[in-house]
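What follows is a short report on a single structure.
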Amino acid sequence: MATEATDAAAPESANTSGDSSNALNIATWQYPQNIKRSFQNIARIHPTVKVSRGDGPIVKLHLAEEKMGKLEVAKASITDPALTVRGVMHATNTDAVLIMHNGRILWEKYYNTMTSLTDHLLMSVSKTLVGTLAGALIDADLLDPEQEITKYVPALATSGYAGARVRDILDMRSGIKFSEEYLDPGAEVRLLEEAIGWAPSHGTIGPIGMYEFLRTLQAKSAHGGPFEYRSCETDVLGWVLESVGGAPMQELLSDYIWSKIGAQQDLVMGVDQFGTGMFDGGFNATLRDLARFGHMYVNGGRALTGKQVVSEAWLADTYTADPLQLQAFAQSPSDNMMPGGRYRNQIWFPNPVTNAAVALGIHGQMIYMDPATKMVAVKLSSWPLPQDASKLFPTIRAFEAVSNYLANHE
């Protein structure tokens, strides 16, 4: 079993400026002017632990001479300016981008201070890592997605999660009250950050630590209803996985996923005051390692090492749409900017025509995975605002343009 020390590394000082608003700390790291630096220096701001890459060989990624950056991107409307893939990347605060086909890099570009060795914060792309681990534990017959959560985590019996199934949190269909309004300081997503020490506390001191915070959440409606995006679902899922796996997240992710993909570097996980993972958005990785991870989503669950990471059955469940999923997504109380889309097993499917899987994180993090063309694209970004449709959807269309090109030039 590949293991790492469970003691969290304390953050180093990241004060590189006399201007206190530019110093990187828990109060300032999410300021728009600091996003680019902070997302590449999380271990200097928050405590972290490593998810070991194991001791196997690094899978080499070969370069192909393809100029994907010159491809034209479909317009959302006739009044939009004409853009190439490269133009979209320049216009959307990209820190690094990589496009890979059948394990060969077609295009790779780093911007400003980002390098091939830089760990970049993934935000909610982290959710897809945790969802993939759930798939591996289901494959190992350790986890039943139809079982109630409290069978695995009895401590949640007095919370709103009583009666919810693992399937409900995999697909974000619990009835928990949890606001994902990132710009609202009173939203639960921000209170969670305060609880785990990733943001300064405002007003009354609330619960301390991830698990204590999750126990305070209450239901507002029946479980198994419409899709509603809630970061806390992934944090509960991580707690469930640690329970059934009998080990902390960093060991489970190493053993079941990261040590199997031929990664170049360890995965880095941000943690709370007690060493519990920030499962919903605290992982950090290099651009190329994310491409290595994404490859098994377009290759039947098999990594570039030849190792099976998750089963074809798990991927079939993930990629196959059913009427209930589509209905739950269409009935979401949130703004639905992905008509006909769906959410399954901690991953987005924004376009029913392509059925490409997309791991998404705020401020512009993305892994785009299209099994029809075996294309993987990774984009790491530093958008000033958490959510920006004017940057998100052109990026998706850019990667769709590449996939369409590959489909017609095999």
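Couple of notes before you dig in:
- Scanning region 140-166 for residues that are free of Cβ contacts under 8 Å to residues at least 24 places away in the same chain and surrounded by 17 or more Cβ atoms within 10 Å (Cβ to Cβ) yields a total of 2.
- The set of residues from region 293-328 being assigned to a loop (DSSP other than H, G, I, E, B), of a type outside the set (Ser, Thr, Tyr) and in contact with a Lys or Arg (Cβ under 7 Å, 6 or more places away or on another chain) comprises MET296, VAL298, ASN299, ALA303, LEU304, LYS307, VAL309, ALA321.
- Qualifying residue in region 341-349 (condition: in contact with a Ser or Thr (Cβ under 9 Å, 6 or more places away or on another chain), buried (at least 18 other Cβ atoms within 10 Å of the Cβ), in contact (Cβ under 8 Å) with a residue 40 or more places away in the chain and aromatic (Phe, Trp, Tyr)): yes
- Residue within region 80-89 that is at pLDDT below 95, loosely packed, with under 12 Cβ neighbours inside 10 Å and not charged (D, E, K, R) present: yes
- Hits in region 167-197 - residues which are touching a strand residue (DSSP E or B) at 6+ places or on another chain (Cβ under 8 Å) and either without any contact (Cβ under 8 Å) to a residue 12 or more places away in the chain or assigned to a strand (DSSP E or B) (or both): ILE176
- Boolean, LYS127 is out of contact with any Leu (no Cβ under 7 Å at 6 or more places or on another chain) and assigned to a helix (DSSP H, G or I): yes
- Condition met for GLU72 (closer than 19 Å to VAL298 by Cβ and either over 25 Å from the mean Cα position of the chain (by Cα) or of a type in the set (Asp, Glu) (or both)): no
- Positions within region 94-115 being closer than 18 Å to ILE396 by Cα and either buried (at least 20 other Cβ atoms within 10 Å of the Cβ) or among the hydroxyl-bearing types (Ser, Thr, Tyr) (or both), in sequence order: THR94, ASP95, ALA96, VAL97, LEU98, ILE99, MET100, HIS101, LEU106, TRP107
- Filter pass, GLU242 being within 25 Å of ALA359 (Cα to Cα) and free of Cβ contacts under 8 Å to residues at least 12 places away in the same chain: yes
The values are calculated or read from the model by the stated rules, or taken from the named source; none is laboratory data. Keep in mind it's a predicted model, so treat the numbers as computed, not measured. Note that each Cβ is placed from the backbone with ideal geometry, even for glycine, and that neighbours are counted across all protein chains shown.
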